[in-house]
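Single-structure report; data block below.
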Amino acid sequence: MNFDNYVNLMKGRLCKKRFEHSLRVVDTALGIMPNFKTEPDKVRLAALLHDFAKDMTHQELLTLAGRQGLITCKAEEVQPDLLHGPVGAYLCQEELGITDAEVLDAIRYHTTGHVSMSSLDIIVYLADLIEPGRTYQGVQELRKICERDLTWGLLYAFDYTLQYVLRRKFLIHPLTIEARNWWILMNGGTIWKPKK
Ligand SMILES: [Fe+2]
Ligand SMILES: [Fe+2]
């Protein structure tokens, strides 16, 4: 299938709002891509397909994820929306025949992040959060940080995600904590030095 076929497939699969979001994620991902060493075709495909399972109901996500052994923590059971990444990656492999592990991982982890994120993972994760249709509190600041430095943007994106989860008293996905700790360890272990 070429890219246009995938676009048509997503148009038929997602509601209008989410389809348009997916196209904006593609554009945003291609916009930030030059900061990384990665392949444009993979960026376009992973960005387009990242919400493949987003329009499934919670029950559908739980049933499919349970049957395929995709549930990894209590947070996913209680907040099944967290499963749309792993279920989306599974379906892209099974239904679309996508075998590229990098593309599948970018889809799988686009909501939570994970340890040792690849360039493609980071591009899709950030593009999803900063695409021009996003209006959540703090998005303008996150866009500005990403314009200056995408590495810092990733840390701030983890923080925004965690703050959102904390404000709503949701369960925190362990992968997001691990991803944030990984980022800090990769960047010297401590960011904020105590005053002496
Ligand atoms: Fe998503
Ligand atoms: Fe999305």
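Once every Cα of region 3-186 carries one equal point scatterer and solvent is ignored, give the base-10 log of I(q)/I(0) from the Debye formula at q = 0.08, 0.09, 0.15, 0.16 Å⁻¹, two decimals.
Each listed q maps to, in turn, -0.22, -0.29, -0.85, -0.99.
Using just the helices of the chain, give the 222 nm mean residue ellipticity in deg cm²/dmol: DSSP H runs with n ≥ 4 each add -39,500 (n - 2.57), and the total is spread over all residues, rounded to 500.
The per-residue figure over the chain is -20000 deg cm²/dmol.
Dividing the alpha-carbon Rg of region 133-178 by 2.2 N^0.38 Å yields what?
1.19
Taking the Cα centre of each part, how many Å lie between region 128-175 and region 58-126?
Cα centroid of region 128-175 versus Cα centroid of region 58-126: 19 Å apart.
Mind scanning Lys74/Lys144; Lys17/Lys54; Lys54/Lys74; Lys11/Lys54; Lys42/Lys74 and naming the pairs with a C-alpha gap bigger than 23 Å?
Violating the 23 Å Cα-Cα cut-off are Lys74/Lys144; Lys42/Lys74.
Take the eigenvalues of the Cα gyration tensor for region 29-76, scale each by 5, and report the square roots as semi-axes in whole Å, largest first.
With the √(5λ) rule applied to region 29-76, the semi-axes are 30, 12, 9 Å.
Quick one: grab the alpha carbon gyration tensor of region 1-58, order the square roots of its eigenvalues as a ≥ b ≥ c, and give me rounded if a/c is under 1.5, else prolate or oblate depending on whether a/b is larger than b/c.
prolate
Any idea what the dipole of the chain comes to, in debye rounded to 20, about its Cα centre with Lys/Arg Cβ at +1 and Asp/Glu Cβ at -1?
900
Using 1/(1 + (r/R0)^6) with R0 = 22 angstrom and r between the beta carbons of Lys11 and Glu95, what's the FRET efficiency to the nearest 0.05?
Efficiency at R0 = 22 Å is approximately 0.90.
None of the figures in this text is laboratory data; all of them are computed from the coordinates on show. Given the structure is predicted, the values throughout are model-derived calculations rather than measurements. Because the Cβ atoms are built from the backbone with ideal geometry, glycine has one as well, and the counts that use them run over all protein chains shown.
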